[in-house]
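Below: one structure, written as structure tokens.
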Amino acid sequence: MMTEIVNNQSIPISAGKAFQDGDETARTLDELLIRYLNLLDQYQAVQAELAQQLSSGYLSLAQANSSTQHNIRYGQDYYDARMQALRTVSVKNEAQETSKFKVIKSSEYSGVDVRKSEPEKTRSSLELAGDGNESREEKEKETESRPKTKSNDPLRWFGILVPPALRAAQGHFARAVDASVPEMVNIIREIESLETEIQSVRKAAKTTS
Amino acid sequence: MAAPTASNKDRQFLAVIGDEDSVTGLLLAGIGHVTQPPDSQKNFLVVDQKTETAAIEAAFDNFTEERKDIAIVLINQHVAERIRHRVDTYTAAFPALLEIPSKDHPYDPEKDSVLRRVRRLFGE
């Protein structure tokens with residue numbers, strides 16, 4: 001099926017001699033197309049995964065909204081206007097097409113992933129995010145013994161006692177952001193650069209014929 | 001094409017343009033960021049039926065062109081549909097653009113820009 005596509009698309013049937021010259025080109029094109037189709041396969045798998053995680057997230061959010069007795073809607077009315085990002089992106093090979101995106105978690109984040117490590121990058125943002133009436137050192141000491149009172153976990157925007165469904169929603173969205181989102185972005189970039197390559201090989205095949 | 005390396009190094013935030021649940025969920029995951037006052041620039045826009053298309057476009061321009069600290073822009077597919085011409089003609093390497101499904105508008109392969117390009121590539 002693949003060869004069919006290659007022959008039909010890139011090498012005019014009438015160009016008999018060019019077809020021989022184009023053997024090499026056709027092979028290159030075949031390889032590119034196989035890579036391309038594999039990537040598409042991956043793309044659709046990650047797409048499905050992302051859709052699944054997000055829809056679980058939306059469902060949990062809806063459950064959280066329906067579980068409150070006070071008609072609270074967990075939404076924009078409660079966003080903290082001074083929020084600081086706890087999940088950020090790091091880009092490898094910024095200047096190139098081959099750049100790879102990765103989502104990194106701030107270690108101050110106590111919401112979903114409770115793994116502890118020494119915060120470095122987020123130090124300044126933590127100070128800005130904090131309320132200021134509690135020193136950083138005290139806060140760190142306290143984290144071990146009792147729940148944080150000055151957590152920058154976005155869950156806290158919605159109060160101290162939030163429904164479990166809201167926490168579950170957070171988990172789903174966090175997983176989507178950590179894994180599927182950067183994976184999708186990386187795959188799409190690879191697909192795009194392959195498309196460019198395929199098109200230029202095709203163009204070259206046409207001009208030689 | 002790609003902007004100079006130096007500027008892309010500062011690209012660290014995800015941004016989102018979407019309906020309230022999409023934005024709330026992603027902010028719960030901790031991507032939300034508001035810059036220091038007096039600018040207090042948000043990296044998200046909540047879109048509902050009342051939101052003007054011009055406002056969506058403005059946010060899109062802000063995240064993709066004006067701001068140099070955004071690495072990935074997430075946009076609900078149905079919101080992207082409202083500014084489809086802008087989304088489809090967007091070719092810059094940074095920030096990356098990703099369309100995501102929303103609660104009321106599940107993923108539609110027909111509108112998927114990657115799959116539409118595939119069709120074009122195979123000469124449909």
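A few comments on the model shown:
- Residues in the range A:172-194 that, when all protein chains are in place, have 30 Å² or more less accessible area than the chain alone would give (probe 1.4 Å): A:Phe173, A:Val177, A:Val181, A:Val185, A:Ile188, A:Arg189
- Other residues lying with their Cβ under 10 Å from the Cβ of B:Ala29 contribute a combined charge of +2, Lys and Arg counting +1, Asp and Glu -1.
- Residues of the range A:35-70 that lose at least 10 Å² of accessible area (1.4 Å probe, protein heavy atoms only) when the other protein chains are present, relative to their chain alone, are A:Tyr36, A:Leu37, A:Leu40, A:Tyr43, A:Gln44, A:Gln47, A:Leu50, A:Ala51, A:Leu54, A:Tyr58, A:Leu61, A:Ala62.
- Heavy-atom accessible area per residue - the range B:2-121, 1.4 Å, Å²: 41
- Accessible area buried, both sides summed, chains B and A with 1.4 Å probe, Å²: 4600
- The mean number of Cβ atoms from other chains found within 10 Å of a Cβ in peptide A:161-169 is 1, as a whole number.
- A simple charge model with +1 on the Cβ of Lys and Arg, -1 on the Cβ of Asp and Glu and nothing else charged puts the dipole of the range B:25-74 at about 200 debye relative to its Cα centre.
- HN-Hα J in Hz across the range B:20-30 - Karplus 6.51, -1.76, 1.60, θ = phi - 60°, x for Gly and Pro: 4, 5, 5, 5, 4, x, 6, 5, 4, 6, x
- Residues with amide H under 5 Å from that of B:Val16, placed H, sequence gap 5 or more: B:Phe44, B:Leu45, B:Leu74
- Percent accessible area from carbon and sulfur atoms, chain B, protein chains only, probe 1.4 Å: 51
- Using Cβ point charges alone (K and R +1, D and E -1), the dipole size of the range B:2-121 about the Cα centre works out to roughly 460 debye.
- Listed residue pairs exceeding 20 Å between alpha carbons, taken from A:Lys206/B:Lys111; A:Lys100/B:Lys68; B:Lys9/B:Lys111; B:Lys9/B:Lys68; B:Lys50/B:Lys111: A:Lys206/B:Lys111; B:Lys9/B:Lys111; B:Lys50/B:Lys111
- Ordering of A:57-67, A:192-202, B:27-37 by packing is B:27-37, A:57-67, A:192-202, highest average first (other Cβ atoms within 10 Å, averaged per residue).
- Take each residue in A:73-84, count the other chain C-beta atoms within 10 Å of its C-beta, and the mean is 5.
- Gyration tensor (alpha-carbon) shape descriptor, the range B:2-121, a/c threshold 1.5: oblate
The values are calculated or read from the model by the stated rules, or taken from the named source; none is laboratory data. Note that the structure is a prediction, hence the values are computed from the model and not measured. Because the Cβ atoms are built from the backbone with ideal geometry, glycine has one as well, and the counts that use them run over all protein chains shown. Quick note on the areas: whole protein, heavy atoms, side chains included, nothing else; ligands and nucleic acids left out. Shrake-Rupley method; radii C 1.70, N 1.55, O 1.52, S 1.80 Å.
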